Ligand SMILES: [Zn+2]
């Protein structure tokens with residue numbers, strides 16, 4: 001099932017862990033709608049701007065899968081409202097900054113960044129139908145702090161937007 005121009009449902013539900021544990025990670029109609037929204041408002045603009053294919057590492061998670069991952073039941077992944085991903089050739093810090101400046105989302109979290117390695121970790125982003133807060137957080141050792149790390153010279157500058 002196609003969710004948007006470049007994204008399919010199977011990309012937003014697949015999970016190595018689910019496969020290994022024979023968990024059927026199948027969203028219901030409401031959760032599929034949320035995934036469609038996420039693809040349209042977040043993934044497609046990122047795909048268009050950076051011009052490279054995106055392979056989501058974790059989108060929808062049924063409760064069984066989410067618990068197996070050690071995530072809380074309140075995770076937005078369980079609603080189909082969140083996705084984790086990276087993109088090839090762009091540091092996660094750079095990606096997070098571009099998203100923060102250009103997209104409507106509820107929460108954007110830079111997970112497990114490293115000062116000297118812009119590609120460390122990944123970006124988590126969630127969005128919902130209404131009331132998106134545009135909140136940015138960064139994981140720091142034992143918890144989350146508000147905001148994103150400053151872009152440093154070690155991280156590349158924003159890639160030029162693709163002409164579309
Ligand atoms: Zn996540």
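Every read-out reported here was derived from the displayed coordinates using simple, explicitly stated rules and does not represent laboratory data. Remember, predicted model here, so these are calculated numbers, not experimental data. Cβ coordinates were reconstructed from backbone atoms using ideal geometry, including for glycine residues, and neighbour counts include every protein chain displayed.
Quick look at the values:
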quantity: Within a Gaussian network of the chain (alpha carbon springs, distance under 10 Å), most fluctuating of 49, 21, 37; calculated: 21
quantity: Exposure proxy order (Cβ contacts within 10 Å, fewest to most) of 58, 91; calculated: 91, 58
quantity: Whole-Å semi-axes of the range 1-64's equivalent ellipsoid (Cα gyration tensor); calculated: 22, 14, 8
quantity: Exposure proxy order (Cβ contacts within 10 Å, fewest to most) of 99, 1, 12; calculated: 1, 99, 12
quantity: Distance (nanometres) between label positions extended 7 Å along Cα→Cβ at residue 74 and residue 26; calculated: 3.0
quantity: Of 17, 108, 63, the one that fluctuates the most in a GNM where the chain has Cα springs shorter than 10 Å; calculated: 17
quantity: Share, in percent, of DSSP beta bridges within the range 9-146 that are antiparallel, nearest 5; calculated: 80
quantity: Choice from 117, 41, 33 showing the highest fluctuation, given a GNM over the chain with Cα pairs closer than 10 Å; calculated: 117
quantity: Likely footprinting exposure, 79, 69, fewest C-beta neighbours within 10 Å first; calculated: 69, 79
quantity: Cα-projected label distance for residue 17 with residue 2, points at 7 Å along beta-carbon direction, nm; calculated: 3.2
quantity: Additional length obtainable on full extension of the chain from residue 132 to residue 111, 0.36 nm per residue less Cα span; calculated: 5.6 nm
quantity: For the range 9-146: span of alpha carbons on each principal axis (Å, largest first); calculated: 38, 30, 29
quantity: Over the chain: helical MRE at 222 nm, DSSP H runs n ≥ 4 each giving -39500 (n - 2.57), nearest 500; calculated: -7000 deg cm²/dmol
